[in-house]
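The values are calculated or read from the model by the stated rules, or taken from the named source; none is laboratory data. Keep in mind that what you see is a predicted model, and the values were worked out from it rather than measured. Quick reminder, even Gly has a Cβ in these numbers, built from the backbone with ideal geometry, and neighbours come from all protein chains shown. For the accessible areas, the whole protein counts, side chains as well, though only heavy atoms, and no ligand, DNA or RNA atoms are used. Shrake-Rupley method; radii C 1.70, N 1.55, O 1.52, S 1.80 Å.
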Amino acid sequence: MEAPHLDAIRQSYDAVAADYARSVKDPAELDPLSRAVLAAFAELVASAGLGPTADVGCGPGKVTAYLTRLGVDAFGVDLSPGMVGLARAAHPELRFDVGSMSALEADDGELGGVLAFYSTHHLPPEALPGAFAEFHRTLAPGGHLLLVTRVGDTGHQRRTYGYGGGEAVPFDSYRLPADRIAELLERAGFVVTGRTLQEPEAGANRPVAGFLARKPEQPKELGRRALAHRPPALGDIGQ
């Protein structure tokens with residue numbers, strides 16, 4: 001059965017899809033640091049050539065299309081059928097799927113990149129380990145993740161706004177400290193290779209953190225040499 005928070009996210013974004021698509025910026029209009037982080041991620045995944053990149057929580061597809069202009073083989077995934085419909089209409093040459101970042105329709109190691117651009121903050125903190133594990137599962141060894149989100153002291157906010165359309169729609173948002181997000185990524189098996197922290201823009205009250213992470217090419221486990229030199233366990237003594 002689907003978790004209740006996923007159904008709530010879907011319903012809210014379906015209700016505001018058209019207004020959201022009109023109000024959200026094209027990535028080319030973002031601040032220089034945000035564009036630089038996206039460009040760095042695009043260079044990493046394009047040069048690795050390990051597989052397509054999933055833009056999870058893609059909304060109307062503007063960031064997905066931006067990645068393709070940077071040379072990335074990208075497709076979008078979003079919970080909201082309304083958002084996916086708008087993305088398909090605006091970018092008919094690209095692939096957009098209705099789906100959840102917590103259960104991606106991708107085989108183990110199929111993806112070369114995963115982008116979560118302002119999309120994980122709707123997940124309750126207890127749901128983040130499962131989503132990060134799914135990112136790790138679907139990425140090829142050596143694949144890259146970029147996660148960008150607002151951060152702050154642990155807390156839950158419920159807002160009602162409609163992206164300029166005037167419709168009252170509830171949105172749940174969760175903020176975690178940047179160090180906590182990095183810790184959860186590492187627990188999921190990622191190596192965090194870069195972090196950015198941006199102070200809040202005018203009208204915003206939370207800084208923005210970006211996390212570049214990589215799935216190791218080899219699992220984190222003891223090699224043969226380490227095993228050969230480990231101290232004997234109690235059960236080994238006398239054998």
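Accessible surface of S47, taken over heavy atoms with a 1.4 Å probe and every protein chain present, rounds to 90 Å². Selection among A127, A103, A168 by position relative to the dipole of the range 94-169 gives A168 as farthest towards the positive end (Cβ unit charges, Cα centre). Accessible area per residue (1.4 Å probe, heavy atoms of protein chains only) ranks R137, R158 as R158, R137, with the largest value leading.
With a 1.4 Å probe rolled over the protein heavy atoms of all chains, the accessible area of E217, E110, E201 falls in the order E217, E201, E110, largest first.
DSSP assigns beta bridges within the chain; of those with both partners inside it, close to 55 percent run antiparallel. All Cα-Cα separations within the chain were binned at 10 Å from zero, giving a P(r) of 7, 30, 36, 16, 5, 4, 1, 0, each value a whole percent of the pairs.
Accessible area per residue for the range 85-125 is 45 Å², calculated with a 1.4 Å probe on protein heavy atoms, without ligands, DNA or RNA. Extension gain, D97-Y118: 0.36 nm per intervening residue step, less the Cα-Cα distance, totals 5.8 nm.
Membrane-span-like helices in the chain: DSSP H runs reaching 20 Å or more (Cα, own axis), mean Kyte hydropathy at least 0.0? Helix filter hits for the chain: 32-48. Its relative contact order, with pairs defined as Cα atoms under 8 Å and 6+ residues apart, puts the chain at 18 percent. Any idea how far the Cα center of the range 97-135 sits from the one of the range 31-76, in Å? If you average the Cα positions of each part, the centres end up 15 Å apart. Here the accessible area of the chain is 53 percent carbon and sulfur, with a 1.4 angstrom probe and all protein chains present. Less than 11 Å Cβ to Cβ from H121, Lys/Arg counted +1 and Asp/Glu -1: what total charge do the surrounding residues give? After counting each charged neighbour, the total is +2. Between S47 and R195, the C-beta separation translates, for a Förster distance of 25 Å, into a calculated FRET efficiency of about 0.75.
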